[in-house]
Amino acid sequence: MKKVYLDSAATTQLRPEVIEKMTEVMQLSYGNPSSTHAFGRSAKSYIENARKTVAKYLNVTASEIVFTSGGTEADNLALNSAVRDLGVKRIITSKIEHHAVLYTVNQLQQCYDIEVEYVNLKDCGSIDLEHLVSLMKSSDEKTLVSLMHVNNEVGNILDLQKVGELCHQNGALFHSDTVQSIGHYEIDLQNTPVDFTAVSAHKFHGPKGVGFAYVRKNSGLKPLIFGGEQERGYRAGTESVHNIVGLAEALQISYDNLATEKPYTEGLKTYFMEQLEKEIPGVKFNGGCSNLVDSTYTLVNVCLPVSNDKAAMLLFQLDLNGIACSKGSACQSGSDKGSHVLNAILSEEDLDKPSVRFSFSSFNTKEELDYVVGVLKQFVID
């Protein structure tokens, strides 16, 4: 049976070079990075070199990079500390954020009685910037705006520069979940008015269980996890040296190859959409997926023209045919609630039809996409 992996927005295939580098570190540098002997110093040097690599590609200082267990922890670090330590009394976010943000905001509202406002969405799911400005102007309370750069389900792209400027013009802090964009887009964080971001290595062909937070210098952010003085006091716990090195290696390769891999992957998305429209009349693309200006080149969310009673079998049929993709996002697997993102932006008519997210990488081929289109066409016709 043919196997096709189109779920890179959930997690990506590890690059062989990353595996090789991580294996080298595990074999040669097993000391505790906090130890002062040669074994510890060797491990520490791997971490600090990795930090410098990350900082170089994002144009920030190494001290502004805090290694974490992934994007979820990085989101939690920024949001919790902003309320607990920075005096934030009000958070503005959207209803299509990742649950790492939405659930954290809900918890903060319960624990600290902060005010939470949700910015309006346009028809395709993009952020209504006029409403965002009006929300910021409507209160003198210290405010944090939390809006993701690239939506993980429908791929909509937020203008980080514009939103950051609006936030700072109105005295608000700006946090952005950049899990789906770092490694796929060149982002100069030093010259982008964002205070905190969250990143996860396994979204750009690195290992799972490691990521980082960008914390703008002199922000006053305090730790989420207490214990040792690792990560300059921002994040206690013995560092996962091989994972951090794998993260830096994956990020470096992604950016060094972006000029060739990005247009190749863009071509895959365009080709896939063209073939779907040709072979399956009535197919729709959710969010801003219909173009590469408003939507990321790495994913497309497809609404198929079949009744919802047939939808329950769709992912099962795709899996039987060796095709990996997602209904909504992987973080929701096993939930019967459906996608909170699609529920927020689709019409009742389209919510009654199955929607599937296909996400791509440079490891995919057009031949694989032809096979997937054929399987989908057969499913719709039967």
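The values are calculated or read from the model by the stated rules, or taken from the named source; none is laboratory data. Given the structure is predicted, the values throughout are model-derived calculations rather than measurements. Positions of Cβ are backbone-derived with ideal geometry, glycine not excepted, and every protein chain shown enters the neighbour counts. All accessible areas refer to the heavy atoms of the entire protein, side chains included, with ligands and DNA or RNA removed. Shrake-Rupley method; radii C 1.70, N 1.55, O 1.52, S 1.80 Å.
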Quiz item: Near the amide H of F285, under 5 Å away, which other amide H atoms are found, from residues 5 or more places off or on another chain, if H is placed in the peptide plane?
Solution: C303
Practice problem: Just check the range 211-254 against the gyration tensor rule for me: Cα atoms, a ≥ b ≥ c as the square roots of the eigenvalues, rounded for a/c under 1.5, and otherwise prolate or oblate depending on whether a/b exceeds b/c. | Solution: oblate
Exercise. With a cut-off of at most 14 other beta carbons within 10 Å, and DSSP calling the residue loop, which chymotrypsin sites (Phe, Trp or Tyr not before Pro) in the range 218-293 qualify? Please list them.
Key: F226
Quiz item: Relative to the compact globular guide of 2.2 N^0.38 Å, what is the alpha carbon radius of gyration of the range 1-67, as a ratio?
Solution: 1.48
Quiz item: I92's amide H: which non-local residues (gap 5+, or another chain) put their own amide H closer than 5 Å, with H modeled 1.01 Å from N in plane and none for Pro or chain starts?
Solution: E117, L144, V145, S146
Quiz item: Say we join alpha carbon atoms closer than 10 Å with springs in a Gaussian network model of the chain; which of V101, V25, V199 then has the biggest fluctuation?
Solution: V25
Quiz item: Remind me, relative contact order of the chain in percent, using alpha carbon pairs under 8 angstrom and six or more residues apart?
Solution: 23 percent
Self-check item: CD proxy at 222 nm, helix term only [per DSSP H run n ≥ 4: -39500 (n - 2.57); per residue of the chain; nearest 500]
Solution: -12500 deg cm²/dmol
Exercise. Compute the Cα gyration tensor for the range 174-224, then decide on rounded, prolate or oblate, letting a ≥ b ≥ c be the square roots of its eigenvalues: rounded whenever a/c is under 1.5, prolate when a/b is larger than b/c in the other cases, and oblate in all that remain.
Key: oblate
Quiz item: How much accessible surface does L166 have with a 1.4 Å probe, in Å² rounded to 10?
Solution: 20 Å²
Quiz item: Using a ≥ b ≥ c from the Cα gyration tensor of the range 93-155 (square roots of the eigenvalues), is it rounded, prolate or oblate, where a/c under 1.5 gives rounded and otherwise the larger of a/b and b/c decides, a/b for prolate?
Solution: oblate
Quiz item: If you find the alpha carbon centre of the range 194-263 and of the range 341-364, how far apart are they in angstrom?
Solution: 29 Å
Self-check item: Relative packing of peptides 31-38, 132-139 - highest average C-beta neighbours within 10 Å first
Solution: 132-139, 31-38
Quiz prompt | Gap separating the Cα centres of the range 153-182 and the range 59-111, nearest whole Å | solution = 13 Å
Quiz item: If you compute percent of Cα pairs over 35 Å apart for the structure shown, which of [x] 23; [y] 27; [z] 37 do you land on?
Solution: [y]
